[in-house]
Amino acid sequence: ASKLSGKIVINGSSALLPLTLQAAKEFKKANPKVKISASAAGSITGPQSVRKGIADIGAVDWDASQDVPGFKKFEGQVAHKVAVIPFAAVVNKGVGVDNLTTKQLQDIFSGKVKNWKEVGGSDASIVVVNRAFGSGTRVNFQMKALDGADFMSKGDNYKEVKSSGDMKTAVETTPNAIGYMDLVYVTSKMKALKINDVAPTEANVINGKYKVWGYGYYMTKGQPTGATKAFIEYIQSKTFQNGSLKKLKFIPISAMK
Amino acid sequence: MSAGIQKSPFVSSRKSGNRLKNNLFTGLVWTVGICTIIFIVGLLFLILEKGMPKLSLDFLLGLPDEIMEGGGIGPALFNSFYVLIISLVISIPLGMAAGIYLAEFAPDNKFIGFLRVCVEGLASVPSIIFGLFGIVLFVEAFDIGLTIIGGAVSLAFLNLPVLTRVTEEAIRAVPQEMKHASFALGGTHLQTIRRVLIPVALNGIITGICLVAGRAFGESAVIILTAGVTTSGVMWDFNLLSPGETLAVHLWYVQSEAIVPDAVEIAEKSAAVLVFIVLLINLLFRIPLWLNARKMR
Amino acid sequence: MQAPAHTQALIEIDKLNLYYGTFHALKNVSMEIPEKAITAFIGPSGCGKSTLLRTLNRMNDMIAGTRIEGKIAIGGADIYSKEVDVETLRKKVGMVFQQPNPFPKSIYDNVAYGPRLHGITSRKQLDEIVETSLRSAALWEEVKDYLKRSALSLSGGQQQRLCIARALAVEPDVLLMDEATSALDPISTLKIEELAQELKDRYTIVMVTHNMHQAARVSNQTVFFLNGEVVEYAETEKLFSTPRDQRTEDYISGRFG
Amino acid sequence: MQAPAHTQALIEIDKLNLYYGTFHALKNVSMEIPEKAITAFIGPSGCGKSTLLRTLNRMNDMIAGTRIEGKIAIGGADIYSKEVDVETLRKKVGMVFQQPNPFPKSIYDNVAYGPRLHGITSRKQLDEIVETSLRSAALWEEVKDYLKRSALSLSGGQQQRLCIARALAVEPDVLLMDEATSALDPISTLKIEELAQELKDRYTIVMVTHNMHQAARVSNQTVFFLNGEVVEYAETEKLFSTPRDQRTEDYISGRFG
Amino acid sequence: MSAPASAAATELGTSLKTSSGKTFGRRARLAFYNRTFKAICVVCAVFVCIILFSILFLMGRTGILTFEYVSPMEFFFSTEWVPENEQYGAFVFIFGTFALTALTMLIAMPISILIAVFLAEVTPPWLRAMLRPVLDLLVGIPSVVYGFLGMTLLIPLLRDVTGTTMGDGLLAAAIVLTIMVLPTISRISDDAITAVPKKYRDASYALGGTRFQTTFKVVLPAARSGIMYAGILGMARAIGETMAVVMVIGNTPQLANSLLKPTSVLTSNIVMQIANVPFDSTWNYALYLMGFLLLVISLLMIVLIRFMQRKGVQR
Ligand SMILES: Nc1ncnc2c1ncn2[C@@H]1O[C@H](COP(=O)(O)OP(=O)(O)OP(=O)(O)O)[C@@H](O)[C@H]1O
Ligand SMILES: Nc1ncnc2c1ncn2[C@@H]1O[C@H](COP(=O)(O)OP(=O)(O)OP(=O)(O)O)[C@@H](O)[C@H]1O
Ligand SMILES: [Mg+2]
Ligand SMILES: [Mg+2]
Ligand SMILES: O=P([O-])([O-])[O-]
């Protein structure tokens, strides 16, 4: 075993939490003297906790050292890519639509189109399920699937959910619902839509046809040192990236050119 | 035989009115009661039915897994008990002492009345705010990170108001004569409280503790913020500074973010275990009451 | 044992046995209680006086584990038969308890409680009943200006008279009094005894008392109990002057025990 | 007014005034209560008998808004002085209440309660105290086989005797009884009266009673109260045979009120 | 006037004084314990207050900053909650909180009281002994489980019954909350009803009252203060519950003019957003202010209930 010791506190995105937990487990096996505690609330909590000094690593679904819609950049923080996360627009099984264009998605999520028949489906009101503001999934989906267009914020057939799990349950159980989530959460009880005729698959992400994906980042205050550095190196290592990370259905960063 | 009262004078002449209402009322109460029983049994069945049969010791004591099926809940389950016990050890004496103060020592003035309302108000503060308070206290001020002790203390704070008020009410409900009898025998206030007021009020206090313990066991928001969503990854870790994911948090995590293929099953099993344990806790706290009742035969 | 030759019997008790679980509290009790007269039950503590009293309006129905054998007839009707309406029975057979037990309501509402139970709602009628009953209970003069005050603010003696008024307000035929004066001072006691004397012209009264002077002063017929058995029952004068049983004599002369 | 020439005074009350808030409940009360004798307080309801009794063991400390002027000395010690230990006072000055108030514990635990308070833990010693006290209170024979049963399962009369036993168990010097026999049957009453007679060789007894016969039978000295004032106090025989005050005469001959 | 005291009397007199007697050690110890205990109780009560006021302070301190950027008028009365566009109207949530609490209590109180009556007055003792712990059990079911069941069972049911497209909204939230507060209210009311002296029931039955009449005219009024207190605790729980509400209320900042329309309340809005906004933003301050407001609202409701109760007693 290694002589490395210390304490690592990780906070931030809940979508990256499974990855963090798995990596922590493996890392601790090799470095038993290192204590790792992880929690998750929302992506923005990650860099904020790092800035406050209450976390060593802030997990976040976008590059928080740059400005993104709704969030300013965090000065003095370094972003480390740890995974590639594909996102998919999903609908309830009963919806007869398989494919939507970017324009149609924008219209649906901004509330302009209210009925499935307007986009080629049967005559039924569209139920839009959205993630709450601040979700990394939402930021990515907005930037990459909607080209930055705004979401609606009110409506009789509009609701927001708190987590990927809630999104999954809502889309599965609500007829005529549409939502979006990390590709890994898509189950057989819902339908992932093609966007502009491209299916959301790992292959399409890697070959560049499917655009709706983003990197997951670890933010640190300046360059990391000690145990934190070792942990980030471990998570970026080939062993982890091609092993557990793949098994968790994320895409290794090395796969992207 | 009496001439004043005719034959069978007690068969009501107003057959309809009162009797009917009474029967309707009795019927209604029974209906609501039975519906409640059916509802609770149904709910328990719903929760236990899916999870209970699949339970195994491996699951109860095993370590969780992020990738493979068959992960366990061992450390989380252990933490649940650990956190619950610590939080109760903190909140029961504190809450009871504060309740006793309000019931026995506090002067009867406006300020104390105001305080009482405040304590009730505090019971309505959402748990997430106690979580934020915990962060300010333990993560920021004491800088100990996400720990079992931080979670347990925050949880204790969450439960304090309810315990305080329940204790106060229970002690107030003890008849004055009991208190006077003890004082007249030369008992000090402390002796009277310890030997008469608390034993007589025990029923109410235990109700309060059961309500509070159940809530603490099922609480997630506070723990997520103050004790984290990880465990130290080993069984039987008594270190108070270890991260302290509890079973309820694990359930939340599995339900909302986990990627493991058997997430649904783990959630079902965890829920079953939680409910089952809360039942056990309830029974455990009632043992003193039963013993008490038995002694009185 | 033989019934005292007196007026007509209103209540006939025939071979009554009562068990609290396995405890045999009343043993083969038979007696006749005459109409429009005062019958006193005397006997040492725990001999079953209250128990017998409670069988007369079936208040013991509410004590779990009570079992009854034998027959009690009031006005010829078996009060334990199926067709008897317990509420009507209790309306006809009023009861006053040892401890004054007014409701935590106003004086008026206490007295009006019974009539309201039995369907009287007219304000005028209620006013009348309240006044008559309070007058009958010799309380009217003291409280007529405070009818809205809480009954709990009355003194013990007043409270007990209020309870009598409350019982009278439903116009019972029989009035049961269980040591109704034992918690009262001599003046209140005297008032209540006088009251009983007045009431017996209109009601049949059965009273339990510890006070032998009271029994001697007030009652027409006295029953002496011991360990759940009727030792002797006779006209009061006879019982106190020439008791037939040695135990009775011992008891009334205070040489008992 | 003049003190009866009697034995030595144990309790001296000097110009005592007591106020419940603004209500003047005891007015300038002075008297001496002799040692090892029975003093009876009589008077109509609400005249302040219980109030005065409670001042003797400072139970009125617990009633908010009570204010006291004047002096009470027991054995020469001013019981309202700073240096008096209230608990010791109450141990030495036992009290029995009008309403039986046993604890909801077993019979044994009720009697053992006081001794335990005062530090007796030896089982043997407690057993002994419990038996002696219950015998003294004429209850032993009835309950000796049920010592573990709840005190609440006893009849009212038995409960009161239990309370007397409980008071005796701490071996007080003075015993205050507030209408302690008003809930008892004549036999128990007689027993308690006999008991009081016996106890007065060792204890100083002060009893409030509604029953003038009782006062006449039992007490050595009688105090008659009216509206918070002492109207007359004298040796019992003298007070009942040749009352000096007209109001006393009215009261004891029942011509009062 | 005083006769010379006997030796025994003098001994009694001196033994009363703290500074004498052979039991002095024990008495002093007891007195010390007594004082210490009282001090401990005071300290604990003060401690509870400190927590209370620190939480108030924590929320108030951050919350008050909102008013540097937003006028109180806008915050309290505007229905526009679009923080991305600097619009911070919290009226929707305030209204929602009142509406949800009222609706919950409207459903929960009668049912809970009936259950309490069932437990305290009607059931045979063996069933009572079984039911009480089982009822307590409902408290221990984690809110996420309630939320999940609400999402997967209740909302589809509501959709089928009412024919709406979504089913999320006040009604769903109120039903879930009702189930969650049911045990609190009914168990504490149960204790209160059980504590009503038997003599009141005896008096009513002896006058020929039926059980219905006795329960409604005597027992419940006599237990009123305990039932009210149970209601307050239940209400407090309902106001403060978050995790389950968030899963069934829809979380859309629009005024709930229908029971079945997605809406949002103070608590749900706080949990949805507080982890997702920058620390030093007006948005964050506004959320803290909403937390503060929540406490103020529940205090107001409690005071109101107590006031109504007191008025009730005077009559
Ligand atoms: N609910 C009960 N369960 C069991 N035993 C009871 C119950 N009520 C009374 N008893 C017993 O039945 C006997 C008769 O009781 P009851 O109350 O009729 O006596 P009493 O003559 O009225 O006495 P007192 O003068 O003390 O009121 C007593 O021995 C008592 O212990
Ligand atoms: N706690 C109290 N607060 C205010 N007034 C009181 C209080 N206790 C008693 N009083 C009043 O003081 C007076 C004396 O009361 P006390 O109880 O001493 O009378 P008593 O002579 O014992 O009467 P009884 O024979 O009815 O017991 C009464 O007028 C009563 O109303
Ligand atoms: Mg009796
Ligand atoms: Mg008195
Ligand atoms: O990863 P999220 O921020 O979308 O939970």
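The values are calculated or read from the model by the stated rules, or taken from the named source; none is laboratory data. Note that this is a predicted model, so its numbers are computed, not measured. Note that each Cβ is placed from the backbone with ideal geometry, even for glycine, and that neighbours are counted across all protein chains shown. Only protein heavy atoms, including side chains, enter the accessible area calculation; ligands, DNA and RNA are left aside. Shrake-Rupley method; radii C 1.70, N 1.55, O 1.52, S 1.80 Å.
Structure summary
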{"item": "A:Ala38 long-range amide H proximity, modeled H, under 5 Å", "result": "A:Ile10, B:Val229, B:Thr230"}
{"item": "Cβ-vector label at 7 Å, D:Gln246, separations to other copies in nm", "result": "5.4"}
{"item": "Calculated over segment B:66-186: convex hull of Cα atoms, volume per residue (Å³)", "result": "172"}
{"item": "Neighbour cut-off at most 14 other Cβ (10 Å), DSSP loop, GluC sites (Glu not before Pro), segment B:15-77", "result": "B:Glu69"}
{"item": "Rounded tilt (10° steps) of A:17-30 against the dominant C-alpha axis of chain A", "result": "20"}
{"item": "Other-chain or far-sequence residues with amide H under 5 Å of D:Glu229's (modelled H)", "result": "D:Lys27"}
{"item": "Net charge of Cβ neighbours under 15 Å - reference B:Ser232; Lys, Arg +1; Asp, Glu -1", "result": "+3"}
{"item": "Chain E: DSSP helices with Cα axial extent of at least 30 Å and average Kyte-Doolittle hydropathy no lower than -0.5", "result": "E:24-64, E:91-117, E:170-194, E:282-314"}
{"item": "Estimated distance in nm for a label pair at A:Lys229 and A:Leu4, the labels positioned 7 Å out from Cα along Cα-to-Cβ", "result": "1.1"}
{"item": "Spread of Cα-to-Cα distances over 10 Å intervals beginning at zero, given as percent, for the protein assembly as shown", "result": "1, 8, 14, 17, 16, 13, 10, 9, 7, 4, 1, 0, 0"}
{"item": "Phi-based couplings in Hz for segment A:118-135 (Karplus 6.51, -1.76, 1.60; Gly and Pro marked x)", "result": "6, 10, x, x, 7, 7, 7, 5, 7, 9, 9, 10, 10, 7, 6, 3, x, 5"}
{"item": "On Cα atoms only, tilt of D:123-136 relative to the major axis of chain D in degrees", "result": "50"}
{"item": "Label spacing, shortest first and in nm, from D:Ile63 to its equivalents in the remaining copies (7 angstrom along Cα→Cβ)", "result": "3.5"}
{"item": "Distance in nm between pseudo-label sites at A:Ser125 and A:Lys81 (7 Å out along the Cβ direction from Cα)", "result": "4.3"}
{"item": "Distance histogram for chain B (every C-alpha pair counted, 10 angstrom bins, percent rounded to whole numbers)", "result": "6, 20, 25, 21, 14, 7, 3, 2, 1, 0"}
{"item": "Exposure rank, largest accessible area first [E:Cys41, B:Cys35; 1.4 Å]", "result": "B:Cys35, E:Cys41"}
{"item": "Over 29 Å (Cα to Cα) - which of A:Lys33/A:Lys162; D:Lys49/D:Lys124; B:Lys179/E:Lys17; A:Lys25/A:Lys194; A:Lys35/A:Lys81 fall in this group", "result": "A:Lys33/A:Lys162; D:Lys49/D:Lys124; A:Lys25/A:Lys194"}
{"item": "Shielding by partners - mean other protein chain Cβ count within 10 Å, residues of A:134-147", "result": "1"}
{"item": "Highest-first arrangement of B:36-45, A:134-143, where packing means the average Cβ count within 10 Å", "result": "A:134-143, B:36-45"}
{"item": "Nonlocal amide H pairs with C:Gly70, under 5 Å, H built at 1.01 Å", "result": "C:Asn17"}
{"item": "Inter-label distance, nm, simple model (7 Å from Cα along the C-beta direction), A:Ala203/D:Glu237", "result": "12.5"}
{"item": "Of the DSSP H helices in chain B, those whose Cα atoms cover at least 30 Å axially and whose Kyte score averages 0.5 or more", "result": "B:17-51, B:74-100, B:148-172, B:263-295"}
{"item": "Segment D:9-252 - percent relative contact order, Cα under 8 Å, separation 6 or more", "result": "28"}
{"item": "Heavy-atom accessible area ranking, 1.4 Å probe, most first, across B:His189, B:His250", "result": "B:His189, B:His250"}
{"item": "In Å², nearest 10: area of E:Met272 left accessible to a 1.4 Å probe", "result": "10"}
{"item": "Chain B, relative contact order [Cα under 8 Å, separation at least 6], %", "result": "27"}
{"item": "Average other protein chain Cβ within 10 Å of Cβ, residues B:226-233", "result": "6"}
{"item": "Shielding score for B:245-253, defined as the mean number of other chain Cβ atoms within 10 Å", "result": "4"}
{"item": "Residue of chain D whose Cβ sits closest to the axis mapping D onto C, with distance in whole Å", "result": "D:Ser182, 3"}
{"item": "Label spacing, shortest first and in nm, from C:Thr121 to its equivalents in the remaining copies (7 angstrom along Cα→Cβ)", "result": "6.6"}
{"item": "Highest average packing first - A:58-71, A:237-250, Cβ atoms within 10 Å", "result": "A:58-71, A:237-250"}
{"item": "Cβ-based net charge around A:Leu100, under 15 Å, with every Lys or Arg adding one and every Asp or Glu removing one", "result": "+3"}
{"item": "On Cα atoms only, tilt of C:156-168 relative to the major axis of chain C in degrees", "result": "90"}
{"item": "Formal net charge of residues neighbouring E:Arg201 (Cβ-Cβ distance under 13 Å; K, R +1; D, E -1)", "result": "+2"}
{"item": "Residue-normalised accessible area of the protein assembly as shown, expressed per residue, 1.4 Å probe, Å²", "result": "38"}
{"item": "Whole-percent carbon and sulfur share, accessible surface of the protein assembly as shown, 1.4 Å", "result": "57"}
{"item": "18 Å Cα-Cα reach of A:Lys249 towards aspartates and glutamates, excluding residues that sit fewer than 8 places from it in its own chain", "result": "A:Glu26, A:Asp61, A:Asp182, A:Glu202, B:Asp65, B:Glu66, B:Glu69, B:Glu257, B:Asp262"}
{"item": "Paramagnetic reach from B:Thr26 in segment C:55-76 [backbone N under 16 Å; point 7 Å along Cα→Cβ]", "result": "C:58-64"}
